[in-house]
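All remarks here apply to the structure that follows.
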Amino acid sequence: MECFSRAQDGFHRLKKRLRENSFDNLVCLVMVMPSLVGFEITRKKIFVPFWIIHLSLLTYVYGVGSLVYQAKHARVASDFIKSFVNVSILVLTVNNSYWWLTHRDLLRNVLRKANASDKMTIQAGLFVDKHQHSLSIIKRILIIFYFINLTNEFTSYLPKRAELNEKTFSMTPCVGIKPLTSSPQREVCIVLTSLQELTIVIVVLNFQTMMLLLIAHTSTMYQLLSDEIMTFNTILTNPSNYDLLKERLGVIIKRHILTLDIIKDIRVLYSIPMGINFGSNAVCMCFFFFLEPEEYFNFMPISMYCFIVFFLYCFLGQRLTNAAEVFSRAVYSCGWELMDIKEQRAISIMLLQSQKEVDLLAADLIPVNMLTFASTSQGIYKFVTVFKL
């Protein structure tokens with residue numbers, strides 16, 4: 001009865017989280033899987049056994065398995081291409097694992113600032129419905145992203161990996177455990193391989209969802225700031241409301257400073273990891289088109305994941321840039337010419353800050369926007385077309 005009661009309470013809490021639209025609730029949704037294995041961001045210390053198991057299996061299954069396959073079994077170009085896809089997955093996972101282990105303090109600080117910005121927006125009391133609607137959209141995107149990738153993993157990729165066919169993924173499964181055709185060696189290998197894939201999903205998928213949450217929420221804060229500062233045009237029609245304008249202006253300036261600080265931290269958090277992920281995703285998508293048609297199905301889950309994540313990076317980066325540009329135009333159009341000198345100076349300073357380009361850079365070099373997505377996709381198409389001729 002006690003176990004049933006706990007399960008029922010857990011179900012009700014999950015149901016409440018799925019209905020509630022708040023920043024704290026969105027963070028809790030992102031942290032569902034990490035909390036199960038002990039590295040949710042609210043903990044001051046990580047759960048060391050999970051990372052020992054994860055990194056050990058990653059080295060053994062993907063590292064040693066790819067190395068042995070390339071050294072002993074790879075014969076033709078397609079074998080090496082499929083094997084290098086596994087290497088890119090290894091690099092991607094190591095990169096995201098390192099991020100979780102080394103950026104916890106900064107990530108916790110960014111979440112605290114984002115939460116403070118969200119609360120200040122609620123306290124302003126303006127566009128509450130739009131705020132709730134925006135958070136609801138972010139929540140739906142998070143859930144859809146989870147659903148697509150987990151469905152992709154558990155219905156396509158993981159069952160194929162559990163078959164332990166060396167030729168399917170061009171990677172030697174469970175080096176040193178032989179023969180894999182008899183028990184218990186085969187069952188042990190299936191458990192090790194499946195456990196490794198599950199730990200990869202937890203680490204990599206939640207890296208992506210946390211990035212999605214932070215960038216999408218920051219874009220929303222920019223959009224709400226734009227709407228709020230445009231209300232100054234209405235306030236200025238009645239001189240008796242000027243004190244209200246000064247009060248709102250002070251709050252908007254504080255929120256804008258906080259938003260710029262969050263963007264600065266996001267750049268530090270994601271610049272290098274995003275650059276490495278860009279490279280690994282591009283390699284996976286490029287190599288996919290070199291496979292034989294009958295091998296497409298086996299690697300389709302990996303290719304879909306790389307494409308979705310690559311698009312998501314560029315879409316979020318473009319959305320943040322667009323939101324910052326809208327805010328800059330709103331500051332200029334807020335009716336500052338009708339304000340007193342003191343408020344005009346404050347608006348002038350905020351306008352100068354808002355006109356600075358707000359963008360994300362992968363590896364501090366590549367702009368993360370839709371132009372990059374289009375040009376990279378075009379480059380991959382041209383590269384593959386030339387080699388296919």
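Let me see the pair-distance distribution of the chain: every alpha carbon pair, 20 Å bin width, integer percents in order.
24, 49, 22, 4, 0
With only alpha-carbon atoms in the gyration tensor, what are the semi-axes of the equivalent ellipsoid for region 207-264, in Å, largest first? Could you put the intermediate results ahead of the total?
On the way: eigenvalues 181, 25, 7 Å².
Three semi-axes, in Å: 30, 11, 6.
Test of the criteria: in region 288-389, which GluC sites (Glu not before Pro) are in a DSSP loop and have at most 11 other Cβ atoms within 10 angstrom of their Cβ? Intermediate results must be reported in sequence, preceding the final value.
On the way: sites: Glu294, Glu295, Glu325, Glu337, Glu343, Glu357; in loops: Glu357.
Answer in residue order: Glu357.
Of Lys44/Lys113; Lys82/Lys167; Lys72/Lys167; Lys44/Lys139; Lys119/Lys254, which pairs sit farther than 20 Å apart, going by alpha carbon to alpha carbon?
Numbers: Lys44/Lys113 17 Å; Lys82/Lys167 9 Å; Lys72/Lys167 13 Å; Lys44/Lys139 26 Å; Lys119/Lys254 13 Å.
Lys44/Lys139, as the Cα separations exceed 20 Å there.
Which values, in whole Å and largest first, are the semi-axes of the equivalent ellipsoid of region 178-337 obtained as the square root of 5 times each eigenvalue of the Cα gyration tensor? Please list the in-between numbers first.
Working: eigenvalues 514, 58, 26 Å².
Square roots of five times the eigenvalues give 51, 17, 11 Å.
What is the Cα radius of gyration of region 71-164 over 2.2 N^0.38 Å, N being its residue count?
Working: Rg = 21.1 Å, N = 94, 2.2 N^0.38 = 12.4 Å.
Ratio of Cα Rg to 2.2 N^0.38 Å: 1.71.
Computed over the Cα atoms, what is the radius of gyration of region 290-330 divided by 2.2 N^0.38 Å, N being its residue count? Working shown, then result.
Details: Rg = 17.1 Å, N = 41, 2.2 N^0.38 = 9.0 Å.
Region 290-330 yields a ratio of 1.89.
Report the trypsin sites (Lys or Arg not before Pro) located in region 31-100 that are in a DSSP loop and have at most 12 other Cβ atoms inside 10 Å of their Cβ, or state none.
Numbers: sites: Arg43, Lys44, Lys45, Lys72, Arg75, Lys82; in loops: Arg43, Lys44, Lys45, Arg75.
Sparse-neighbourhood loop trypsin sites (Lys or Arg not before Pro): Lys44, Lys45, Arg75.
Using only the alpha carbons, work out the radius of gyration and Dmax of region 276-359 in angstrom.
Here Rg and the maximum Cα pair distance are 22.3, 71 Å.
Using 7 Å Cα-to-Cβ label points, what is the Asp359/Ile144 separation (nm, one decimal)?
2.6
Any idea what the dipole of the chain comes to, in debye rounded to 20, about its Cα centre with Lys/Arg Cβ at +1 and Asp/Glu Cβ at -1? Write out the running numbers ahead of the final one.
Numbers: 38 positive and 30 negative charges, 110 e Å.
With only Lys, Arg, Asp and Glu charged at Cβ, the dipole is about 520 debye.
Give me the net charge of Met339's neighbourhood, meaning all other residues with Cβ under 10 Å from the Cβ of Met339; Lys, Arg count +1, Asp, Glu -1. Working shown, then result.
Details: positive: Lys246, Lys342, Arg345; negative: Glu337, Asp340, Glu343.
It works out to a net charge of 0.
Once the Cβ-Cβ distance between Phe84 and Ser194 is put in as r, and R0 is 22 Å, what FRET efficiency do you end up with, to the nearest 0.05?
Numbers: r = 23 Å, r/R0 = 1.05.
My answer for the efficiency is 0.40.
Please give the per residue volume of the convex hull enclosing the alpha carbon atoms of region 309-349, rounded to a whole number of Å³.
Once divided by residue count, the hull of region 309-349 is 49 Å³.
Which residue, chosen from Gly63, Leu269, Val91, occupies the Cα position most advanced towards the positive end of the dipole of the chain, where the dipole is computed from +1 (Lys, Arg) and -1 (Asp, Glu) charges on Cβ about the Cα centre?
Of the listed residues, the answer is Gly63.
So which trypsin sites (Lys or Arg not before Pro) in region 270-378 are both in a DSSP loop and have at most 12 other Cβ atoms within 10 Å of their Cβ? Mind dumping the intermediate values first?
Numbers: sites: Arg319, Arg329, Lys342, Arg345, Lys356; in loops: Lys356.
Counting only loop positions with at most 12 other Cβ atoms within 10 Å, the trypsin sites (Lys or Arg not before Pro) in region 270-378 are Lys356.
At what distance in nm do the modelled label points of Lys264 and Thr181 sit from each other, each positioned 7 Å from its Cα along Cα→Cβ?
About 6.4 nm separates the two model spin labels.
Share of Cα-Cα pairs in region 24-118 beyond 15 Å, in percent? Intermediate results must be reported in sequence, preceding the final value.
Numbers: 3083 of 4465 pairs.
Percentage above 15 Å: 69.
Dipole of region 221-371 (Lys/Arg Cβ +1, Asp/Glu Cβ -1, origin at the Cα centre): which of Cys314, Ile302, Leu360 lies farthest to the positive side?
Farthest towards the positive end: Leu360.
Taking the Cα-to-Cβ direction at Ala374 and at Lys113 and moving 7 Å from each Cα, how far apart do the two end points lie in nm?
Computed distance between label sites Ala374 and Lys113 equals 3.2 nm.
How large is log10 of I(q)/I(0) for region 112-168 at q = 0.19, 0.22, 0.31 Å⁻¹ when the intensity is taken from the Debye formula with one equal scatterer per alpha-carbon?
Computed log10 I(q)/I(0) values: -0.76, -0.88, -1.11.
May I ask you to give the average projected area over all directions of the convex hull of the Cα atoms of region 145-195, in nm² rounded to one decimal?
Values: hull surface 15.2 nm².
For region 145-195, the mean projected area of the Cα convex hull comes to 3.8 nm².
Each reported figure results from applying straightforward, stated rules to the coordinates on display, with no laboratory input. This is a predicted model, so every value here is computed, not measured. When we count neighbours, we look across all protein chains shown, and the Cβ atoms used for this are built from the backbone with ideal geometry, even at glycine.
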